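The values are calculated or read from the model by the stated rules, or taken from the named source; none is laboratory data. Given the structure is predicted, the values throughout are model-derived calculations rather than measurements. Every residue, glycine among them, receives a Cβ derived from its backbone with ideal geometry; neighbour counts consider all protein chains shown. Accessible surface areas use protein heavy atoms only, side chains included; no ligands, DNA or RNA. Shrake-Rupley method; radii C 1.70, N 1.55, O 1.52, S 1.80 Å.
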Amino acid sequence: MTAVNLGIPSLPPPVLAPRRKTRQIKVGSVGVGSDSQISVQSMTTTPTTNINATLQQIAELTAAGCDIVRVACPSADDAEALPIIAKKSQIPVIADIHFQPKYVFAAIEAGCAAVRVNPGNIRKFDDQVKEIAKAAKDHGTSIRIGVNAGSLDKRIMDKYGKATPEALVESAVWEASLFEEHDFHDFKISVKHNDPVVMVRAYEMLAERGDWPLHLGVTEAGPAFQGTIKSSVAFGALLSQGIGDTIRVSLSAPPVEEIKVGLQILQSLNLRERRLEIVSCPSCGRAQVDVYKLAEEVTAGLEGMTVPLRVAVMGCVVNGPGEAREADLGVASGNGKGQIFVKGEVIKTVPEDQIVETLIEEALRIAEESGGTDGEDTVQGGPVVTIH
C-alpha cells in the first residue's frame with residue numbers, strides 16, 4: 001500500500017500564545033488544566049429523569065466529539081437518575097446544581113465526575129463549603145465554581161450595582177478562597193456574562209489573580225448564528241492569550257451544534273488537530289460555477305471524516321489553481337468542468353456535474369490509503385476541503 005502524505009507538519013502547528021500555566025484537575029477521565037488539551041463541553045436538553053433519552057443525547061454528543069457533558073439536577077427525581085446516567089455515560093458527567101444544596105451532596109454520592117455549583121443562588125452556600133469540600137475530596141469529585149452575571153450574590157450586587165467584570169471576579173475569588181481555606185483545590189472557575197466584552201475582561205482579570213483552571217463560556221449567547229459569533233469572538237480573544245482550559249459554546253440550538261462550533265474554534269486556532277477543513281472562496285462575479293452549492297455538497301458528503309485533509313473547492317481561474325495545488329485535494333472549476341488536484345498534481349478533469357462525486361471518491365481513497373480507515377467506516381472525522 002502506498003503511503004499518502006497529507007502534508008501534516010512534523011512539528012506542532014504554531015499557536016498565537018502559549019497556554020497560561022494552571023493547576024491540573026480531573027473531571028472523571030478528562031484532565032482540565034494547562035497540562036491537558038482544551039476540552040469541549042455541552043449540556044443535555046432532555047429531562048434528566050428521562051434516563052434513556054438523556055443517555056441517547058449523551059451518546060450523540062460523544063460521537064460529535066464532546067469531552068464532558070453536564071446534566072441538570074433541579075429536583076429529587078433528577079438526583080435519583082444521576083447514578084445510572086453517571087455510570088452508563090461514555091464521557092464524564094457533571095451535575096448542574098442550583099438553589100438546593102442537598103443535591104450537591106446527592107450528585108457527589110451518585111458518582112458524578114464533577115458538580116457545577118452556582119454560589120449566587122444556592123441557599124447559604126458559603127456556610128456549607130466545608131461539608132461540600134470534604135464530600136468532594138472523599139469521592140474524588142471536582143467542582144466548578146460557576147459565577148453567572150444573572151445570579152450574583154446580593155452583597156456583590158449591592159456593592160457594584162450590576163454584573164461588572166470586577167463584580168464577577170470578586171465573587172469567584174471569594175468562593176475559591178473558601179474552598180482553599182478547607183484545603184480543597186480540585187475546582188475550576190467560570191465567570192460568565194452575555195456580553196463578550198464584559199466576559200473577556202472578567203476572565204483576563206481572573207487569570208491574573210490565580211492559577212485556577214478556567215471554564216470559558218458566554219452565557220445566554222443566543223440563537224445559533226448570533227451565539228456562534230459571540231462565542232467565537234470571546235473565546236478567540238481569550239484563547240489567543242493562552243487563557244482557557246475547557247469551553248462550552250452556549251447556543252439556542254441542539255447540543256451537538258455547540259460541540260461542532262467549539263471544536264471548530266479550537267481547530268482554527270491550532271489548539272486541536274485540524275480534521276475536515278473546507279477552504280472555499282466567498283464567490284464573486286468571476287465564478288463560473290455555483291460555489292455555494294459545491295461547498296455545501298462536498299461538506300455534507302465528507303462530514304465525520306477523521307483523517308486530517310484539506311479540500312479546496314474553487315470557482316474561477318484567478319485563485320483556483322493555486323489554492324487547489326496547495327490543498328491535499330482540490331478542484332479548480334470553470335467552463336463547465338473541473339480540474340481535480342491531489343497534492344498539487346492534476347489527476348483528472350471531469351464535467352461539472354461530477355465534481356462533487358469525484359471529490360468525495362478521492363477523499364475516501366486518500367483516507368483509506370493513509371491508513372485512516374479499514375475501508376468500512378471511512379467517514380468518521382475530517383478531511384480538509386478548500387472550496388473556491
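A few notes on this one:
- Dipole axis of region 24-269 (+1 Lys, Arg; -1 Asp, Glu on Cβ), positive-most option in Thr141, Val27, Val69: Val69
- Pairs of alpha carbons in the chain separated by more than 26 Å make up 57% of all such pairs.
- Accessible surface of region 24-269, 1.4 Å probe, proportion on carbon and sulfur as whole %: 53 percent
- Label zone of Gln24 (point 7 Å out along Cα→Cβ, amide N under 14 Å): in region 84-100 this covers no residue at all.
- Given charges at Cβ of Lys, Arg, Asp, Glu: the chain dipole, positive-most of Leu294, Thr228, Phe125: Phe125
- Projecting the Cα positions of Ala17, Thr349, Thr54 onto the charge dipole of the chain (unit charges on Cβ atoms of Lys, Arg, Asp and Glu, taken about the Cα centre) puts Ala17 furthest along the positive direction.
- Calculated SAXS-style log₁₀ I(q)/I(0) at q = 0.17, 0.19 Å⁻¹ - region 111-181, Debye, Cα scatterers: -0.61, -0.75
- Taking Cβ atoms as reference points and 10 Å as the exclusive limit, the residues near Glu277 contribute a net charge of +2, counting Lys and Arg as +1 and Asp and Glu as -1.
- Set of lysines near Lys293 by C-alpha distance (under 17 Å), chain-local residues within fewer than 8 positions excluded: Lys337
- Percent of beta bridges antiparallel (DSSP, the chain, rounded to nearest 5): 25 percent
- Take each peptide in 90-99, 52-61, count the other Cβ atoms within 10 Å of every residue, and average; sorted highest first, the result is 90-99, 52-61.
- Under 16 Å from the Cα of Lys26 - aspartates and glutamates, other chains or at least 8 residues apart: Asp35, Asp67, Asp138, Asp186, Asp211, Asp245
- Counted residue by residue at 0.36 nm each, then reduced by the alpha carbon distance between them, the extension gain from Ile51 to Arg155 reaches 33.6 nm.
- Size of electric dipole in the chain: Cβ of Lys, Arg +1 and of Asp, Glu -1, about Cα centre, debye, nearest 20: 960 debye
- Sequence-distant lysines (8 or more away, or on other chains) whose Cα lies within less than 24 Å of Lys21: Lys137, Lys188, Lys192
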